[in-house]
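Working notes, beginning with the structure itself.
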Amino acid sequence: MKHLSIREVRKELAQLDELLSREGEVVVTRHGRPIARLLPLASKQRMPSHAELRASMPRLKRGSEAHVRSERDER
C-alpha cells in the first residue's frame, strides 16, 4: 500500500495503472489525512473457498441450534 498526496497523484496520473498493478492499493491524502483509497478492478488475490474456511474452523460439541434454543429458553 502506498500513500500519495493529491499533488503526487496528479503527477502519477498518466501511469496510474502501472502504479496500481505494482502497489496493489494507493491511499490518497490531503494534508496528511486519507481521503480516498484506489484499488485495481481485477484483484490478483484468489477468493477463499467456503469449504476451506469451514474446514479450518473447530467443530462445536453442541450444534448451533442447541445454543440458540437454550438462549431463547433463558429469556
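Every read-out reported here was derived from the displayed coordinates using simple, explicitly stated rules and does not represent laboratory data. Just so we're clear, the structure is a prediction, and the values are computed from it rather than from any experiment. As a convention, Cβ positions derive from the backbone with ideal geometry for all residues, glycine included, and neighbour counts pool all protein chains shown.
In the stretch 49-64, is there at least one residue being part of a helix (DSSP H, G or I) and over 24 Å from the mean Cα position of the chain (by Cα)? Before the answer, list the steps.
Restricting attention to the stretch 49-64, the residues satisfying the condition of being part of a helix (DSSP H, G or I) are 50-56, 64.
Then drop every residue that is not over 24 Å from the mean Cα position of the chain (by Cα), which leaves 64.
Yes, some residue in the stretch 49-64 is part of a helix (DSSP H, G or I) and over 24 Å from the mean Cα position of the chain (by Cα).
Hey, could you check the stretch 16-31 for residues that are over 20 Å from the mean Cα position of the chain (by Cα) and surrounded by 11 or more Cβ atoms within 10 Å (Cβ to Cβ) and say which is nearest to Lys2 (Cα to Cα)?
Leu16
For Pro34, indicate whether it is closer than 21 Å to Leu4 by Cβ, of a type outside the set (S, T, N, Q), in a loop (DSSP other than H, G, I, E, B) and without any contact (Cβ under 8 Å) to a residue 40 or more places away in the chain. Write out each step before concluding.
Details: closer than 21 Å to Leu4 by Cβ: yes; of a type outside the set (S, T, N, Q): yes; in a loop (DSSP other than H, G, I, E, B): no; without any contact (Cβ under 8 Å) to a residue 40 or more places away in the chain: yes.
Taking the combined requirement at face value, the residue does not satisfy it.
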